[in-house]
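**Q** One structure, as structure tokens, below. Some questions next.
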There are 2 protein chains.
Amino acid sequence: MAAPRPTRQFPDQPLPPPGPRATTVSRPGGRSSSVRRRVLDAVRTHLAEHGYDALSVDAVADRSGVHRTTVYRRWRDVGGLLADALTEAIDDTWSPTDTGTLDGDLHAVNREVYAALTAEPPVTAALIAASFRSEQAAAALRSFWADRYDRCAAIVHRAVDRREIPAGTDPRRLLVAATAPLYHELLLLRTLPDPRLAEQAAHATATAARAGAFTD
Amino acid sequence: MAAPRPTRQFPDQPLPPPGPRATTVSRPGGRSSSVRRRVLDAVRTHLAEHGYDALSVDAVADRSGVHRTTVYRRWRDVGGLLADALTEAIDDTWSPTDTGTLDGDLHAVNREVYAALTAEPPVTAALIAASFRSEQAAAALRSFWADRYDRCAAIVHRAVDRREIPAGTDPRRLLVAATAPLYHELLLLRTLPDPRLAEQAAHATATAARAGAFTD
DNA sequence: ATGCTATCGCAACACTTGTTGCGTTAAGCC
DNA sequence: GGCTTAACGCAACAAGTGTTGCGATAGCAT
């Protein structure tokens, strides 16, 4: 006979878009652009200074000078804040460096992954941890990774063009094989970071690719 | 001039061992073995029925009939509960199945990993999520994985003995390369589960191993 | 300038989580 | 049987987290 517990939510707005709001469009009474900037700045600085564990909606609100209620209304939870901060921080001009060989290209990508996963403070790890609790953070991460893997497909195409690996090689499978060991070791198994990881995973994957292991 | 915030903890006991307590040793006044069984049963059933998000110390306490305070004292948090439930559920007799080929052995292991990661309810995913917030859960997972990778080294040794792959192949690197793509796709990238993942990752890794990609 | 209104600030609340001191209970030992 | 003592139950508290209604305000339009 337990009460249904109505899972309360803010009824005011239909979950307002936390994404970049058009600044020139008609929004009478809106102060949102200024608020958003202050909040997102607070997220970044607080994350850098005190880490993920200390990141709460209240802490961000206090630091930004924006009221708790406003942050809860627009971002819902910490995951929403991180998601918005991520999408804003994305570099739209990013592309994988061209070293001339598949080994080299994969190694270059893996060095970036390695750097991101061992960065201090661990913002990437924080975002991934948050993605297990917040659908917003999970969605933001998925779209970020989808974009990066799409761009990295160029690496595979270049290798095919050089006749280094067979045509019909699946870019995604190859790229996941190359990068996944880094995430696994550094994030899940939590072994002490070894910079050779990046090169070893890149080399093993390139070897498998040359043998045609990523074609159907 | 902010107050140091003394990070309060229970002073009663020096963090009691949540592990299996010797039942025959002198523990005057202790009712611990019965309590532990009731609590761990509650963790399992509650996890199975309501999932990880609904798993809280209070929920487990209510269900088990054991008082909140007792659970907090002995297990500290949800991560501690999951860690204890995991170590109790571990099958000490597990060993990798011998199929006769490296491809087959890796495929068999990967099928188990795949099954664990796609199980409903997602207890493995729950444990991994918890490991980002609880040091106890993280430690339990690390030791579990360390044990499994040690046992799986037999796969690599068998392949070396069969002259399938070169001697000097690093078992751990090989095994991580084989399994990591599953964790990455199913847990992080969260693509819709594809059973072929297990076979593809196994085959690609075996190919790389035959080419000597996992030797120094 | 004046009005409109979405957004924000504010106070107050409810629920969850974690902690403490202290009295009570049950397991083991004589 | 009674004694000892770690483990437990209990009430009460403290802090963090999430929610609500309502009044105030800033940005835009006219």
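**Q** For the Cα atoms of chain B, what angle does the longest principal axis make with the long axis of helix B:196-210, in degrees from 0 to 90, nearest 10?
**A** Taking Cα atoms only, the helix is inclined about 60 degrees.
**Q** Restricting things to alpha carbons, tell me how big the stretch B:129-184 is in terms of Rg and Dmax, in Å.
**A** 14.1, 44
**Q** Here's something else I'd like to know. Put a label point 7 Å from Cα along the Cβ direction on A:A154, then list its distances to the equivalent points in the other copies in nm, shortest first.
**A** Spacings between copies for this position, smallest first, are 4.8 nm.
**Q** Roughly what angle does helix B:135-161 make with the longest principal axis of chain B, taking Cα atoms, 0 to 90 degrees, to the nearest 10?
**A** It works out to around 20 degrees.
**Q** Turning to a different aspect of this structure: Hey, what's the stretch B:102-210 come to in accessible area per residue, 1.4 Å probe, Å²?
**A** Averaged over the residues of the stretch B:102-210, the accessible area is 40 Å².
**Q** 7 Å along Cα→Cβ for the label point: how many nanometres lie between A:D91 and each equivalent label in the other copies, listed shortest first?
**A** 4.7
**Q** I would also like to ask the following. Calculate how large, on average over all directions, the projected area of the Cα convex hull of the protein assembly as shown is; give the answer in nm² to one decimal.
**A** Quarter of the Cα hull surface area: 27.0 nm².
**Q** What do you get for Rg/Rh of the stretch A:83-207 when both radii come from the Cα atoms and Rh is the Kirkwood radius?
**A** That ratio is 0.97, to two decimals.
**Q** Something else about it: How big, on average over all directions, is the shadow cast by the Cα convex hull of chain A, in nm²?
**A** The number I arrive at for chain A is 16.8 nm².
**Q** Continuing with this model, one more query. If you average 1/r across every pair of different Cα atoms in the stretch B:168-211 and take the reciprocal, what Kirkwood value do you get, in Å?
**A** 10.9
**Q** Relative to the present Cα-Cα distance, how much length would full extension add between A:F144 and A:R196 at 0.36 nm per residue of separation?
**A** 16.2 nm
**Q** Past the 17 angstrom mark, what percentage of all C-alpha to C-alpha distances in the stretch B:32-75 do you count?
**A** The answer is 20 percent, as a whole percent.
**Q** I would also like to ask the following. Within the set of other residues whose C-beta is less than 12 Å from the C-beta of B:E185, count the net charge using Lys and Arg as +1 and Asp and Glu as -1.
**A** Net charge around B:E185: +4.
**Q** Distances in nm, one decimal, shortest first, from A:R73 to the same residue in every other copy, taking the label point 7 angstrom along Cα→Cβ.
**A** 4.6
**Q** What do you get for the angle between helix B:32-50 and the principal long axis of chain B? Use alpha-carbon atoms, 0 to 90 degrees, nearest ten.
**A** 60
**Q** Further question on the same structure: To the nearest 100 Å², how much accessible surface do chains A and B hide from each other in total, with a 1.4 Å probe?
**A** In total, this chain pair buries about 2900 Å².
The values are calculated or read from the model by the stated rules, or taken from the named source; none is laboratory data. Given the structure is predicted, the values throughout are model-derived calculations rather than measurements. As a convention, Cβ positions derive from the backbone with ideal geometry for all residues, glycine included, and neighbour counts pool all protein chains shown. These accessible areas exclude ligands, DNA and RNA; they are computed on the full protein's heavy atoms, side chains included. Shrake-Rupley method; radii C 1.70, N 1.55, O 1.52, S 1.80 Å.
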